[in-house]
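Participant: This is the structure I have questions about; it appears just below.
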Amino acid sequence: MSADKKHILIVDDEPDIRELLEITLARMGNHTQSAATLDQARAQLEQHEFDLCLTDMRLPDGNGIDLVRHINQQYPNLPVAVITAHGNMESAIEALKAGAFDFVSKPVDLQMLRSLINTALKLSAENHQQQDEELQLLGDSDAMQRTRNTINKLARSQAPVYISGESGVGKELVARLIHDKGPRRDHPFVPVNCGAIPGELMESEFFGHRKGSFTGAVADKQGLFQSADGGTLFLDEVADLPLHMQVKLLRAIQEKAIRPIGANQEIPINVRILSATHKDLGEMVKQNQFRQDLFYRINVIELHVPSLRERPEDIPVLAQHFLRLIAHKWQMAIPDVDAEALQALQHYAFPGNVRELENILERAMTLCEGDMIKLADLQLPEQASQQNTEEEEEEGGDPSVPEGMNLDPVLTEKEREVITRALEKTRYNKTAAAKLLGISFRQLRYRIKKLGIE
């Protein structure tokens with residue numbers, strides 16, 4: 001057998017199905033061996049090395065899921081796909097939960113089968129080495145080690161994954177890693193924020209449309225599903241989908257096909273679905289705000305991403321990572337963080353999680369003098385609140401401010417006016433303007449960005 005040929009095990013008790021699969025796989029340049037029962041399949045696995053296994057769900061001496069579990073335990077690097085009866089999504093989901101790579105329904109669609117096989121066979125290639133420094137899930141805590149291990153396992157599957165966790169924990173990063181470490185890495189990763197699409201445009205955005213199908217449809221448009229074909233579609237904030245779109249999305253996922261608005265025929269799609277939200281989808285199902293059947297379909301496997309306060313021991317390494325990235329972007333030296341500031345970060349609750357840590361450090365780099373970030377530069381909300389209270393007590397005033405007595409807008413407008421005047425006077429030389437104002441260049445840049453001065 002040629003070294004380039006892949007060795008595939010077909011397990012099915014129907015001779016016609018076996019023959020169809022053997023012919024299809026042979027035409028793709030693969031070598032096949034067949035088995036009609038679980039016992040025959042186990043014997044073949046002991047005698048030969050395979051790159052992929054295709055098994056029917058119903059076998060004379062057992063269930064295809066039993067073979068899936070056996071392969072996952074004894075041959076964990078061998079992808080196995082299950083052939084299910086048409087419309088039997090319960091069996092397909094049970095197989096995915098047991099560790100199946102993917103499933104294909106009878107009658108077997110040969111185009112879908114070829115796509116599945118090509119994707120599965122990529123798993124035998126070398127592991128992809130991540131080059132992009134920003135695509136890392138940093139931290140040595142037990143929680144992050146468990147998360148990384150789970151990502152590596154999920155990357156080998158095609159099962160839909162529901163990524164849960166608070167805002168700012170890095171759910172999209174986790175989704176990108178699942179895609180990037182898997183066999184779909186050479187195809188698109190398409191993220192979409194479900195809450196950011198207007199309801200009237202949602203169907204067109206997801207499924208596309210044909211020219212003339214509605215007013216304003218001046219040309220054919222490809223939808224998100226087609227854009228992600230062969231790759232991964234990441235549905236962020238999936239809880240924000242309106243109920244009418246939940247029905248259409250469920251059909252697209254189950255049928256592996258979409259129909260653009262104005263089209264007469266459905267188009268087959270080969271897309272892995274990952275989804276995420278910071279909301280409690282289970283509770284939304286109980287409140288009839290999210291369809292139970294869609295939740296069941298996208299939540300085949302749940303991956304919970306821990307919050308930053310669950311892993312404070314990871315804050316020093318995360319802080320160094322963000323400071324390095326910011327310094328590179330700003331083309332400046334990487335500052336240090338003094339012990340008091342670092343301790344404050346590790347004791348802060350971080351309601352905004354990793355995203356908030358990055359924002360705090362960017363602001364601190366702007367405000368710090370020299371190359372050392374101190375406690376005052378962090379301006380943590382708890383710090384600011386304590387500082388304001390102390391200042392009010394020194395003045396002997398009432399900390400409560402009557403309605404209509406807020407000075408912030410007045411001061412902000414005055415600050416914008418002073419900075420704009422300094423920039424105009426120096427012909428927008430920021431270094432000269434900062435010197436004129438008696439502040440550092442970084443402080444000026446931070447104020448310009450905050451105040452929206454162009």
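The values are calculated or read from the model by the stated rules, or taken from the named source; none is laboratory data. Computed from a predicted structure; not experimentally measured. Cβ sites come from the backbone with ideal geometry, for glycine too, and all protein chains shown count toward neighbours. Accessible surface is based on the protein model in full, side chains and every heavy atom, while ligands, DNA and RNA are left aside. Shrake-Rupley method; radii C 1.70, N 1.55, O 1.52, S 1.80 Å.
Participant: I'd like to know if the stretch 285-296 contains one or more residues that are open to solvent by 60 Å² or more (accessible area, probe 1.4 Å), part of a loop (DSSP other than H, G, I, E, B) and on the phi > 0 side of the Ramachandran plot.
Facilitator: Yes, that holds for at least one residue.
Participant: A further question follows. Take the residues in the stretch 224-283 that are within 29 Å of residue 169 (Cβ to Cβ) and free of Cβ contacts under 8 Å to residues at least 12 places away in the same chain, then tell me which one is farthest from the chain's Cα centre (by Cα).
Facilitator: 283
Participant: Determine whether the stretch 272-281 contains at least one residue that is open to solvent by 40 Å² or more (accessible area, probe 1.4 Å) and farther than 22 Å from residue 161 by Cα.
Facilitator: Keep residues of the stretch 272-281 that are open to solvent by 40 Å² or more (accessible area, probe 1.4 Å), which gives 278-280.
Those still in the list that are farther than 22 Å from residue 161 by Cα too: none.
The answer is no, given that none of the residues of the stretch 272-281 is open to solvent by 40 Å² or more (accessible area, probe 1.4 Å) and farther than 22 Å from residue 161 by Cα.
Participant: Select from the stretch 85-115 the residues that are farther than 17 Å from residue 18 by Cα, in contact (Cβ under 8 Å) with a residue 24 or more places away in the chain and either among the hydrophobic types (A, V, I, L, M, F, W, C) or open to solvent by less than 40 Å² (accessible area, probe 1.4 Å) (or both) and list them in ascending order.
Facilitator: 89, 91, 93, 95, 96, 98, 99, 100, 101, 102, 115
Participant: Another question, then. Could we say that residue 151 is in contact with a strand residue (DSSP E or B) (Cβ under 8 Å, 6 or more places away or on another chain) and surrounded by 14 or more Cβ atoms within 10 Å (Cβ to Cβ) here? If you could, list the steps in order and put the result at the bottom.
Facilitator: Working: in contact with a strand residue (DSSP E or B) (Cβ under 8 Å, 6 or more places away or on another chain): yes; surrounded by 14 or more Cβ atoms within 10 Å (Cβ to Cβ): yes.
So residue 151 passes the test.
Participant: Tell me yes or no: at least one residue of the stretch 119-131 is surrounded by 19 or more Cβ atoms within 10 Å (Cβ to Cβ), within 28 Å of the chain's Cα centre (by Cα) and at negative phi.
Facilitator: yes
Participant: Return yes or no: is residue 19 more than 24 Å from residue 182 (Cα to Cα), free of Cβ contacts under 8 Å to residues at least 60 places away in the same chain, over 28 Å from the mean Cα position of the chain (by Cα) and open to solvent by 70 Å² or more (accessible area, probe 1.4 Å)?
Facilitator: Working: more than 24 Å from residue 182 (Cα to Cα): yes; free of Cβ contacts under 8 Å to residues at least 60 places away in the same chain: yes; over 28 Å from the mean Cα position of the chain (by Cα): yes; open to solvent by 70 Å² or more (accessible area, probe 1.4 Å): yes.
Yes.
Participant: Return the residues of the stretch 312-325 that are closer than 14 Å to residue 137 by Cα, crowded, with 18+ Cβ neighbours inside 10 Å and not acidic (Asp, Glu); say none if nothing qualifies.
Facilitator: The answer is 315, 318, 319, 321, 322.
Participant: From (1) closer than 25 Å to residue 170 by Cα; (2) touching a helix residue (DSSP H, G or I) at 6+ places or on another chain (Cβ under 9 Å); (3) not in a helix (DSSP H, G or I), pick out the condition that doesn't hold for residue 302.
Facilitator: (2)
Participant: Just to confirm my filter: which helices (runs of 4 or more DSSP H) fall fully inside the stretch 195-271 and include at least 2 residues that are loosely packed, with under 15 Cβ neighbours inside 10 Å? Can you show your working first?
Facilitator: Details: elements: 202-207, 224-227, 243-255.
Those helices (runs of 4 or more DSSP H) span 243-255.
Participant: Could you look through the stretch 1-16, keep only residues that are open to solvent by 30 Å² or more (accessible area, probe 1.4 Å) and in contact with a Gly (Cβ under 9 Å, 6 or more places away or on another chain), and pick out the one that is modelled with the highest pLDDT? Step through it out loud before you land on a result.
Facilitator: Looking only at the stretch 1-16, we keep the residues that are open to solvent by 30 Å² or more (accessible area, probe 1.4 Å), and these are 1-6, 13-16.
Checking the rest, the ones that are also in contact with a Gly (Cβ under 9 Å, 6 or more places away or on another chain) come to 2, 4-6.
Working: 2: 48, 4: 66, 5: 78, 6: 87.
Here the residue is 6.
Participant: Sticking with this structure for a sec: Counting only residues that are of a type in the set (S, T, N, Q), free of Cβ contacts under 8 Å to residues at least 60 places away in the same chain and more than 23 Å from residue 307 (Cβ to Cβ), how many does the stretch 321-376 have? Outline the logic, then answer.
Facilitator: The first filter runs over the stretch 321-376 and keeps only residues of a type in the set (S, T, N, Q), leaving 331, 343, 346, 353, 359, 366.
Filter once more, keeping what is free of Cβ contacts under 8 Å to residues at least 60 places away in the same chain: 331, 343, 346, 359.
Subsequent filtering for residues that are more than 23 Å from residue 307 (Cβ to Cβ) retains 331.
Residues meeting the conditions: 1.
Participant: While we're looking at this one, here's another question. Name the strands (runs of 3 or more DSSP E) wholly within the stretch 31-133 that hold at least 2 residues that are hydroxyl-bearing (Ser, Thr, Tyr) and at pLDDT 85 or above? Give the derivation first.
Facilitator: Values: elements: 31-35, 52-56, 80-84, 102-105.
Per the criteria, 31-35.
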